[in-house]
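Notes follow the structure.
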Amino acid sequence: MGRILAIDYGTKRTGIAVTDELQIIASGLATVPTAELMDFLKDYTQKEKVERIVVGEPKRHSNEASESEKYIQVFLKALEKQLPDIPVERVDERFTSKMAFQTMIDSGLKKKQRRNKALIDEISATIILQSYLSRG
């Protein structure tokens, strides 16, 4: 069984989370500059068996696609070209940033640490992945 990789795509930074090989536990993996994302994914998938990639789908409260969806669509086309053998699924990510921030508060992180946007992106990717696993 391979890992499942989750992506919280952003125009500047992208949060990445991954499961263990048994696909039970979702853990934050990294936050990478989006410009380096494809290289990171190609490198990671050469080292680790990735069975599926889950990409967050940002929506507005009205259920319409958010502004960033157009950038994600461009990324998804490039991803399909670069890693054609790995299926990609989408997961609603509407409240992940708020949930990530609340997780940071609940875990006792200091205010300065909670301003770390890279950490928020990584936690958001973990929440996306956990919600995907929970759909099971």
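The values are calculated or read from the model by the stated rules, or taken from the named source; none is laboratory data. Computed from a predicted structure; not experimentally measured. Cβ sites come from the backbone with ideal geometry, for glycine too, and all protein chains shown count toward neighbours.
Got a sec? Which of LYS47, LYS77 is of a type in the set (D, E, K, R) and farther than 16 Å from TYR9 by Cα?
Numbers: LYS77 fails: farther than 16 Å from TYR9 by Cα.
Sole residue among the options that is of a type in the set (D, E, K, R) and farther than 16 Å from TYR9 by Cα: LYS47.
A quick yes/no check of all residues on (1) over 22 Å from SER134 (Cα atoms); (2) assigned to a loop (DSSP other than H, G, I, E, B):
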| position | (1), (2) |
| --- | --- |
| THR11 | yes, yes |
| MET38 | yes, no |
| LYS42 | yes, no |
| THR45 | yes, no |
| ARG52 | no, no |
| ILE86 | no, yes |
| GLN113 | yes, no |
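If ILE24 meets every condition in (1) closer than 17 Å to PHE75 by Cα; (2) surrounded by fewer than 18 Cβ atoms within 10 Å (Cβ to Cβ) apart from one, which number is that one?
Here ILE24 clears every test but (1).
Collect the residues in region 1-17 that are in contact with a Phe, Trp or Tyr (Cβ under 8 Å, 6 or more places away or on another chain), β-branched (Val, Ile, Thr), closer than 17 Å to GLU36 by Cβ and buried (at least 19 other Cβ atoms within 10 Å of the Cβ), keeping them in residue-number order. So that I can check it myself, show each step before the final result.
Filtering region 1-17 down to residues in contact with a Phe, Trp or Tyr (Cβ under 8 Å, 6 or more places away or on another chain) leaves 4-6, 9, 11, 16.
Those left that are additionally β-branched (Val, Ile, Thr): 4, 11, 16.
This time we only want the ones that are closer than 17 Å to GLU36 by Cβ, so: 11, 16.
Residue satisfying the conditions is ILE16 alone.
Okay, residues lined up against (1) over 19 Å from LEU29 (Cα atoms); (2) under 13 Å from the mean Cα position of the chain (by Cα):
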{"position": "GLN46", "(1), (2)": "no, no"}
{"position": "ARG60", "(1), (2)": "yes, no"}
{"position": "ALA78", "(1), (2)": "yes, no"}
{"position": "ILE86", "(1), (2)": "no, no"}
{"position": "ALA100", "(1), (2)": "no, yes"}
{"position": "THR103", "(1), (2)": "no, no"}
{"position": "LEU119", "(1), (2)": "no, yes"}
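Pairs under 7 Å by beta carbon, first residue β-branched (Val, Ile, Thr) in region 56-72, partner at pLDDT 75 or above, six or more apart or different chains?
ILE72/TYR9; ILE72/VAL55
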